[in-house]
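Encoded as structure tokens, the structure appears first; notes follow it.
The values are calculated or read from the model by the stated rules, or taken from the named source; none is laboratory data. From a predicted model like this one, the values you see are computed outputs, not experimental measurements. As a convention, Cβ positions derive from the backbone with ideal geometry for all residues, glycine included, and neighbour counts pool all protein chains shown. Accessible surface areas use protein heavy atoms only, side chains included; no ligands, DNA or RNA. Shrake-Rupley method; radii C 1.70, N 1.55, O 1.52, S 1.80 Å.
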Amino acid sequence: MNVILLGPPGAGKGTQAKILEDKLGYKQLSTGDMLRSAIVAGSDIGVKAKAIMDRGDLVSDDVIIGIVSERLDKPDVIKGVVFDGFPRTPAQADALDKMLASKGQKLNAVIEMKVDDEALVSRIVGRYSCATCGQGYHDELAKPKVAGVCDVCSGTVFNRRPDDNEKTVRDRLGVYNRQTAPLVAYYHRKGNLHVIDGMAEIAKVTSAMTSILNQVKG
Ligand code: ADP
Ligand code: ADP
Ligand code: ZN
């Protein structure tokens, strides 16, 4: 099962991809997380990507396609992949079709998550995550059960992303509308687009996704 979660920054892609990975055993493939790991590791890709990400632009298609292609060669993706934040351009979508075809696989579903712009901005500005296990939280919308303690690993150190500020988020929404939104029509034409209400609460969004996945599994 290969599924793309398509949506603007803050739509809930990472939140849902992680839940689907835990529930169904598909691997979350987040190009944003991979780039942030490359920055922490200080690799060439990380060094080049940092300034681009901080201003909210897209990293080049070549770099992104390279890291995804390497990731899809690992054996743990055999059950399926939930693509989170990839593809973001028509060139990336095209490359993904070719990568999957070369492995005798296909894309089973593309789920577009619709969320109002103002909700996106407040989701992003309040977003933070556990520094130890990566679990995502929000200042108001998704607090840990005990303040300051991660529900998953009991860690007490949390991170905020440098690009999660109001100015950069508005720029990233512009980038999404110009460069990524055309993929909606692309997948609609291919017949595998499903649209869901990303404004619903987290558990409701998960059940909408699960029923789409059951439907495409046949
Ligand atoms: P994306 O990966 O699409 O950028 P995230 O999954 O990181 O988005 O979600 C952005 C923020 O919004 C996070 O702080 C998350 O806890 C919160 N969030 C995610 N889904 C919902 C939802 N359905 N309702 C309310 N808040 C949500
Ligand atoms: P969000 O889900 O909040 O939009 P991501 O973590 O997916 O954020 O991406 C953060 C940044 O990493 C993007 O603004 C962009 O600079 C870079 N990035 C991530 N995925 C891609 C991609 N597929 N193509 C180009 N740049 C990407
Ligand atoms: Zn944790």
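Using Cα-only point scatterers and the Debye equation, what is log10 of I(q)/I(0) for the stretch 76-188 at each q in 0.10, 0.11, 0.14 Å⁻¹, rounded to two decimals?
Values, matching the q order: -0.43, -0.51, -0.79.
Return the lysines within reach of LYS114: Cα separation strictly under 26 angstrom, same-chain partners fewer than 8 residues apart disregarded; answer none if there are no such residues.
Leaving aside lysines fewer than 8 places away in the same chain, those within reach of LYS114 are LYS13, LYS18, LYS23, LYS27, LYS106, LYS143, LYS167, LYS190, LYS204, LYS217.
Give me the percent of Cα-Cα pairs in the stretch 95-147 that sit more than 15 Å apart, rounded to a whole number.
That fraction is 66 percent.
May I ask what percent, to the nearest 5, of DSSP beta bridges between residues of the chain are antiparallel?
Of all bridge pairs located within the chain, approximately 30 percent are antiparallel.
By how many nm would the segment from ASP139 to ASP73 grow when fully extended, if each residue of separation counts as 0.36 nm and the alpha-carbon distance is taken off?
So the chain would gain 20.0 nm between ASP139 and ASP73.
Provide the FRET efficiency to the nearest 0.05 for the ASP54-VAL121 pair, computing r from the beta carbons and using R0 = 22 Å.
0.80
If amide H atoms are built 1.01 Å from N in the plane of the peptide, which residues on other chains or at least 5 residues away come under 5 Å of the amide H of PHE158?
ALA131
If you average the alpha carbon positions of the stretch 35-51 and of the stretch 183-215, how far apart do those two centres end up, in angstrom?
Value for the Cα centre distance between the two parts: 31 Å.
What Kirkwood radius, in Å to one decimal, follows from the Cα pairs of the stretch 5-71?
13.0 Å
For the chain, what ratio Rg/Rh do Cα atoms give with a Kirkwood hydrodynamic radius?
Using only Cα positions, Rg/Rh for the chain is 0.93.
I need the per residue convex hull volume for the stretch 57-133, using only the alpha carbons, in cubic angstrom as a whole number.
147 Å³
Which residue, GLY66, GLY104, GLY12, tops the fluctuation ranking in a GNM of the chain built on C-alpha contacts under 10 Å?
GLY104
Which residues' amide hydrogens lie under 5 Å from the amide hydrogen of PHE83, considering only partners 5 or more residues apart or on another chain, with H built in the peptide plane?
The answer is VAL3, ILE4, LEU5, LEU29.
Would you work out what percent of the accessible area of the chain, with all protein chains in place, is carbon or sulfur (probe 1.4 Å)?
54 percent
Mind telling me which of VAL169, VAL68, VAL47 comes out most flexible in a GNM of the chain, alpha-carbon contacts under 10 Å?
Maximum among the listed residues: VAL47.
Could you give the accessible area per residue of the chain, probe 1.4 Å, as a whole number in Å²?
51 Å²
What residues have an amide H closer than 5 Å to that of GLU112, excluding those fewer than 5 places away on the same chain, when H is modeled at 1.01 Å from N in the peptide plane?
Correct list: LEU6, HIS194, VAL195, ILE196.
Could you run the Karplus curve 6.51 cos²θ - 1.76 cosθ + 1.60 with θ = phi - 60° over the stretch 24-31 and give me ³J(HN,Hα) per residue in whole Hz, x for Gly and Pro?
The phi angles translate into 10, x, 7, 8, 6, 10, 9, 5 Hz.
If you take every DSSP beta bridge fully contained in the stretch 110-211, what fraction is antiparallel? Give it as a percent rounded to 5.
60 percent
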